[in-house]
Amino acid sequence: MSKRDFGLYLIITNPSVSYAKIARVAVDNNIRYLQLREKELSDREILLAADEIMAVTDGTDTRFVMNDRADLAFLCGADCLHLGQDDIGLLDAKKICGGKVGEFGLSTHNLAQVEDAVRLNPDYIGFGPIFKTPTKKKPDPVTGTVLLQEAIEMAGDIPVVAIGGINAENLRDVLRAGAKNLCMVRYMMDSTYLEERVAETTERMNGYFLFCEGAQK
Ligand SMILES: Cc1ncc(COP(=O)(O)OP(=O)(O)O)c(N)n1
Ligand SMILES: Cc1nc(C(=O)O)sc1CCOP(=O)(O)O
Ligand SMILES: [Mg+2]
């Protein structure tokens, strides 16, 4: 694992427990990025949710990520903004955020997009959907794990976050492809056992990374 990699990335979409509880679990488990991705809420509700989350994450190592919206990221003082291919471009987002938002992540769905994203030098690159997912309304074509491996190589020093259809059953395949960072939206959000799932997944990921390090020696 390089210094820039961070492991599990948490995304909040239709959660089963409160925003404050999720933020507490993220902080307690040293999760570096916690993203608010609520597609059905009003702008006002999103800002209220952001306040609830940042009341817990501020001053900790967990960075609060606003999805899609540079204006809302600026208003709430998010640590990071995540932008997809259909969202405002990174350079325009930086103009809106005016230095108030320190980090930016970009979504990609194929190798040409990864190549373009690398040129923009974001703090991380999302790549997927690795497997079929119902969480996104109009998902891009499934990439599978072979393309994921190529995306990770192409991104070089920039951390790649594997996303889309990842769960406890296929986690090992994603790790075998070389993923050091990943998201499991439904697996984490559909359950009131968030704490247990985060701890267990982090343990499995760290165990796998240690096993790989040992095998290299
Ligand atoms: C870490 C991370 N990776 C990818 C995405 C997807 O972003 P996008 O393609 O803009 O789709 P929506 O999430 O906005 O539906 C993400 N949000 N986070
Ligand atoms: C938010 C998102 N972005 C994707 C991409 O391909 O960039 S796939 C996806 C949904 C991920 O949800 P789940 O873990 O429940 O499948
Ligand atoms: Mg988006």
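The values are calculated or read from the model by the stated rules, or taken from the named source; none is laboratory data. Note that the structure is a prediction, hence the values are computed from the model and not measured. Glycine gets a Cβ as well: all are built from the backbone with ideal geometry, and neighbour counts include every protein chain shown. Keep in mind that these areas ignore ligands, DNA and RNA; they rest on the heavy atoms of the full protein, side chains included. Shrake-Rupley method; radii C 1.70, N 1.55, O 1.52, S 1.80 Å.
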- Proximal charge balance of GLU45 [Cβ under 12 Å; K/R count +1, D/E count -1]: -3
- Message: Positive end of the dipole of the chain, charges at C-beta (+1 Lys, Arg; -1 Asp, Glu), about the Cα centre: which of LEU120, MET154, ALA26 has its Cα farthest in that direction?
- Response: MET154
- What GluC sites (Glu not before Pro) in the range 154-217 are in a loop by DSSP, with at most 14 other Cβ atoms within 10 Å of the Cβ? GLU169
- Message: I'd like to know which of VAL17, GLN35, ILE46 lies farthest towards the positive end of the charge dipole of the range 1-49, counting +1 on Cβ of Lys and Arg and -1 on Cβ of Asp and Glu.
- Response: GLN35
- Is it possible to state the helix-based mean residue ellipticity at 222 nm for the chain, with each DSSP H run of 4+ residues giving -39500 (n - 2.57), the sum divided by total residues, to the nearest 500 deg cm²/dmol? What is it? -13500 deg cm²/dmol
- Task: Just add up the charged neighbours of ARG63: K/R +1, D/E -1, any other residue whose Cβ is under 13 Å from the Cβ of ARG63.
- Result: -4
- Message: I need the calculated FRET efficiency for the pair GLU103 and ASP51, taking r as the beta carbon distance and R₀ as 25 Å, to the nearest 0.05.
- Response: 0.80
- The extension gain from LYS21 to ASP61, computed as 0.36 nm times the residue separation minus the Cα-Cα distance, is 12.8 nm
- Task: Tell me the trypsin sites (Lys or Arg not before Pro) within the range 1-50 that lie in a loop according to DSSP and have at most 10 other beta-carbon atoms within 10 Å.
- Result: LYS3
- Item | Heavy-atom accessible area per residue - the chain, 1.4 Å, Å² | 50 Å²
- Note on the structure: For the pair GLN149 and ARG4, the simple spin-label estimate (label points 7 Å beyond Cα toward Cβ) gives in nm 2.2 nm
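Please report the orientation-averaged projected area of the range 100-210, defined via the convex hull of its C-alpha atoms, in nm².
7.9 nm²
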- Would you count, across the chain, every pair of lysines whose alpha carbons are under 21 angstrom apart, provided the pair is eight or more residues apart or spans two chains? 9
- Here the equivalent ellipsoid of the chain, derived from its Cα gyration tensor, has semi-axes (largest first, whole Å) of 25, 21, 16
- Query: Using a 1.4 Å probe on the protein chains only, how many percent of the accessible area of the chain belongs to carbon and sulfur?
  - Reply: 49 percent
